[in-house]
Structures are given as structure tokens and as C-alpha cells.
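Reviewing the structure listed below.
Please treat every number below as a calculation from the coordinates, not as lab data. Keep in mind it's a predicted model, so treat the numbers as computed, not measured. Cβ sites come from the backbone with ideal geometry, for glycine too, and all protein chains shown count toward neighbours.
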Amino acid sequence: MANHVVVQEAAHGMLAVVDRIGPGDLTAPTPCGGWDVAGLREHLLEWGPPLEGAARKESVAPGATGVPLREQVERLAEAWGKPDAWAGTTRMGTVELPADLVGGMVLGEFVLHGWDLARALGAPVTWSDEILRQLYAEIARSADQGRAMGVYGAEVPVPQDAPLLARCLGLSGRDPDWTPPAAP
């Protein structure tokens, strides 16, 4: 399946989770870097515009645009759903990067942060093996650089025969068995 199709399909899983977020969920902890749901939502809204701009080969500064998270995810999926978004190079701020590397970041945003939000909400979420195979390849390709930049945590050991999602999560520094802490 082509990259531009995979990223659009991955967005569907994330949108199913985004649609479940209610006002009472915003303080729920997530498995992502000590962020609660509100903090992770703000991260997605802040970095959505630069990632969207990168699909058009435009440098866009981070910062929320005031659109709801659902709309930002849809815009990002639409921008990276075009084959030419994945060609050549693009910019993230002042850094020029291979466009397919940035597209892989978007795939990671949808699946990894979609999983983070789903875990925080206790909601189910699934992605196809095709999406997860491509995500695993993307994480493996950029894991060292991602760890150096603080994007990924230290790898969490996961058995080689574990489900593909668990292996993606472990490689990205997430514990596939993470559950929200018990309420006091």
C-alpha cells in the first residue's frame, strides 16, 4: 500500500479516538512523556500545522491555529494523502529533511499518539498490519535520531513474537502494557 494511502487510513484510527475525548478526559494521564490528554492534544495542535505545511513543501512555524483536533488531523491526513507530498525534500522549520521521513513522522503521530490517547481513555483502537509494518519500518529508520531529539524514549524490550503494535510501541519507547495509574 502506498505511503499516502497508509497515512490516510492511519488517520481513521486516530479520529475514532479523538471523537471519544470529552471534557472530563482532559486531565487523564497518557503513556506519552508525562502528558495528560489536554497536553497531548495541545502537542498535536501545535505541531499539526508545521507537518501539514511540510506536505506542501512550506515551512510553517509551530503553533495552534484554533481549529479543533479532529479538523487538524483531517487536514494533516489530506495533505499527506497526496503522493507528491512524499517526494523529494521538505522543511520543518529551518531544517531540510527527506519528505518521506516527515511523512513517516505523521504516520507515527497518528498511530503512536492515537494509541496514547486510546490508552488514556480506555478506548479500543486498531490499525491494519499493513499500517503497522510501515510504521515499524519508519520507527526503526529514525529511532536513534528520534531518541537523540527526545521524540522517542529508550526502547522498551518486547518479545519478537509480540503483536506488531506492541513491537512498534516498544521500539518507540512506550510500554505496550501501560495502564493509567490507579486513582488515589
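Key figures
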| quantity | calculated |
| --- | --- |
| Cα shape, segment 25-184, gyration tensor, a/c 1.5 rule | oblate |
| Amide H contacts of residue 92 (H built 1.01 Å from N, under 5 Å, at least 5 apart or other chain) | 97 |
| Length-normalised contact order of segment 1-158 in % [C-alpha pairs under 8 Å, at least 6 apart] | 30 |
| Net length gained if the chain between residue 144 and residue 42 were fully extended (0.36 nm per residue, minus Cα distance) | 34.2 nm |
| In segment 50-123, trypsin sites (Lys or Arg not before Pro) in a DSSP loop with at most 14 other beta-carbon atoms within 10 Å | 56, 57 |
| 222 nm mean residue ellipticity, helices alone, for the chain (DSSP H n ≥ 4; -39,500 (n - 2.57); rounded to 500) | -16000 deg cm²/dmol |
